[in-house]
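Engineer: I am attaching a structure below and will ask some questions about it afterwards.
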Amino acid sequence: AAALHSWCAGSAKQKRKLGLRGILILSVLFFAGILCYLFLPRAEIQIWPETQTLNLMEKVEINSKENQVDFSKRVIPGRIIEIKKELSQEFPASGKSLKEEKARGQVRVYNAYSTSPQALLTKTRFISAEGKLFRSVERVTIPGTEYDKGKLVPGFLDIQIAAAEPGEDYNIGPSTFSIPGFAGTSKYTAFYGKSFAPMAGGFKGEISRVTNEDLEKAKTVLTDKLFEEGKKSLNNEVPADFVLVNGAEAQEITEIYSSSLAEAETQSFDLRVKTLLKALVFKKTDLENFAR
């Protein structure tokens with residue numbers, strides 16, 4: 001009994017020593033952990049999931065003849081927008097050329113010689129009182145004289161004559177004319193002419209004319225302006241919920257009119273151009289639904 005009591009007493013002391021030692025070790029470890037947390041270096045690790053981008057491409061047909069989306073056929077309905085434009089402008093003619101024109105007019109030729117008609121050949125000469133030479137433009141026959149109430153009346157015929165040379169000098173006023181071919185005969189004074197209006201059209205000098213380059217340049221200027229205006233107007237014509245297909249635009253000239261043709265003699269000409277712009281648009285929601 002004494003031995004058992006002594007062993008138990010020793011065992012209890014041993015347990016108390018072990019308990020104190022454990023508490024001491026835990027305390028040391030606790031304070032060591034605090035010191036490590038406060039003073040030792042730290043590392044922060046961030047982990048992200050790996051990602052991959054997938055690009056999917058599909059061909060979609062936008063058809064203005066369709067009314068609804070057909071996902072199986074990959075068709076989206078479209079709409080055609082049309083914009084008409086018109087513009088006219090005056091352009092200068094840049095061409096130059098030398099022009100020569102002979103004055104022309106009408107002369108009444110009298111036959112006071114006899115009752116017989118008198119034939120005059122083409123290019124019969126007529127000299128005005130100013131000394132300007134003209135020639136008949138065709139063969140004519142001057143009627144003979146007639147008796148009217150016992151009085152002899154000369155026969156006459158109105159004919160066309162042209163100046164022998166080009167130039168404004170032949171644009172003379174009303175005048176009298178003789179026929180030098182009859183000079184030295186009794187017909188010289190019996191055949192004569194009178195004009196009652198000025199001769200006109202005589203010209204000699206440089207003139208302006210329209211060239212093919214003038215027409216093409218004017219066409220380009222107006223077309224570029226109309227196409228630019230058409231594109232600007234297109235942005236306002238596309239509805240808010242629609243998308244304009246890039247490249248799905250077409251512009252054409254529907255009418256072009258020029259007041260003068262190439263080689264026309266003029267200092268300026270007017271050109272009018274009409275254009276038509278067509279564009280294909282589609283609803284944005286239709287494409288988004290197809291993508292989903």
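Engineer: Using a simple charge model, +1 on the beta-carbon of Lys and Arg, -1 on the beta-carbon of Asp and Glu, nothing else, what dipole does region 141-239 show about its Cα centre, in debye to the nearest 20?
Structural biologist: The dipole of region 141-239 has a size of about 420 debye.
Engineer: Sort 164-175, 234-245 by packing, meaning the average of other beta carbons within 10 Å per residue, with the highest value first.
Structural biologist: 164-175, 234-245
Engineer: Let me ask something additional. Using unit Cβ charges (K, R positive; D, E negative) and no other charged atoms, how large, in debye to the nearest 20, is the dipole of the chain about its Cα centre?
Structural biologist: So the magnitude is around 1580 debye.
Engineer: In the Gaussian network model of the chain, springs joining C-alpha atoms below 10 Å, which of Thr266, Thr185, Thr223 carries the largest mean-square fluctuation?
Structural biologist: Thr185
Engineer: With Rg and the Kirkwood Rh both taken from Cα atoms, where does Rg over Rh land for region 189-292? Kindly include the intermediate steps, with their values, before the conclusion.
Structural biologist: Values: Rg = 27.1 Å, Rh = 18.9 Å.
Dividing the radius of gyration by the Kirkwood radius yields 1.44.
Engineer: Could you give the length gained by full extension between Glu168 and Ile253, i.e. 0.36 nm per residue of separation minus their alpha carbon distance, to one decimal place?
Structural biologist: Stretched out fully, the Glu168 to Ile253 stretch lengthens by 26.2 nm.
Engineer: To the nearest 0.05, how large is the calculated FRET efficiency for Ala262 and Val137 if R₀ is 22 Å and r is the Cβ-Cβ distance?
Structural biologist: Details: r = 29 Å, r/R0 = 1.32.
It comes out at approximately 0.15.
Engineer: Multiply the residue separation of Asp70 and Ala291 by 0.36 nm, subtract the distance between their alpha-carbon atoms, and state the gained length in nm to one decimal. Mind showing how you got there, number by number?
Structural biologist: Values: separation 221, 0.36 × 221 = 79.56 nm, distance 1.25 nm.
Gain in length upon complete extension: 78.3 nm.
Engineer: Whole number please: convex hull volume per residue, Cα atoms of region 144-209, in Å³.
Structural biologist: Per residue, the Cα convex hull of region 144-209 comes to 123 Å³.
Engineer: What is the calculated FRET efficiency for Asp148 to Ala197, with r their C-beta to C-beta distance and R₀ = 25 Å, to the nearest 0.05?
Structural biologist: My answer for the efficiency is 0.40.
Engineer: Further question on the same structure: Residues with beta-carbon under 11 Å from that of Leu276, excluding Leu276: net charge, scoring Lys, Arg +1 and Asp, Glu -1?
Structural biologist: 0
Engineer: Quick check: pseudo-label points 7 Å beyond the Cα along Cα→Cβ at Ile47 and Arg108, how many nm apart are they?
Structural biologist: Here the modelled spin labels are 12.5 nm apart.
Engineer: So for the pair Glu213, Ile23, with labels modelled 7 Å out along Cα→Cβ, what separation do we get in nm?
Structural biologist: Distance between the two pseudo-spin positions: 11.6 nm.
Engineer: How large is the accessible surface of Leu133 in square angstrom, using a 1.4 angstrom probe and rounding to the nearest 10?
Structural biologist: Here the residue's solvent-accessible area equals roughly 50 Å².
Engineer: Once Lys and Arg get +1 and Asp and Glu get -1 on their Cβ, which of Ser208, Ala218, Ile161 lies farthest toward the positive end of the dipole of region 137-279?
Structural biologist: Checking the options against the dipole of region 137-279, the answer is Ile161.
Engineer: Here's a follow-up. With the radius of gyration and the Kirkwood radius both derived from the Cα set of the chain, what is their ratio Rg to Rh?
Structural biologist: 1.79
Engineer: Please work out the average accessible area per residue across the chain, using the 1.4 Å probe convention, and give it in Å².
Structural biologist: Ligands and nucleic acids excluded, the figure is 71 Å² per residue.
Engineer: While we're on this one: Could you sort Arg125, Arg108 by accessible area so the largest value comes first, with the probe set to 1.4 Å?
Structural biologist: Final ranking, largest accessible area leading: Arg125, Arg108.
Engineer: To the nearest whole percent, what portion of all C-alpha pairs in region 74-157 is separated by more than 20 angstrom?
Structural biologist: 65 percent
Engineer: What's the whole-number percent of alpha carbon pairs in region 99-210 lying beyond 19 angstrom?
Structural biologist: 46 percent
Engineer: Where in the chain are the DSSP H helices whose alpha-carbon span along the long axis reaches 27 Å or more and whose Kyte-Doolittle mean is at least -1.0? Don't skip to the end; give the middle numbers.
Structural biologist: Working: long enough: 2-39 (56 Å, 0.97); 212-237 (36 Å, -1.27).
Passing helices, by number: 2-39.
Engineer: Let me ask something else. Among DSSP beta bridges whose residues both lie in the chain, state the antiparallel percentage, nearest 5.
Structural biologist: Percent antiparallel among DSSP bridges in the chain is about 95.
Engineer: Taking the Cα centroid of region 177-209 and of region 228-252, what is the distance between the two, rounded to the nearest whole Å?
Structural biologist: Between the Cα centres of region 177-209 and region 228-252 lies a distance of 68 Å.
The values are calculated or read from the model by the stated rules, or taken from the named source; none is laboratory data. As the structure is a prediction and not an experimental result, all values here were calculated from the model. Cβ atoms come from the backbone with ideal geometry, glycine included; neighbour counts cover every protein chain shown. We work out accessible area using only protein heavy atoms, side chains counted, and drop any ligands, DNA or RNA first. Shrake-Rupley method; radii C 1.70, N 1.55, O 1.52, S 1.80 Å.
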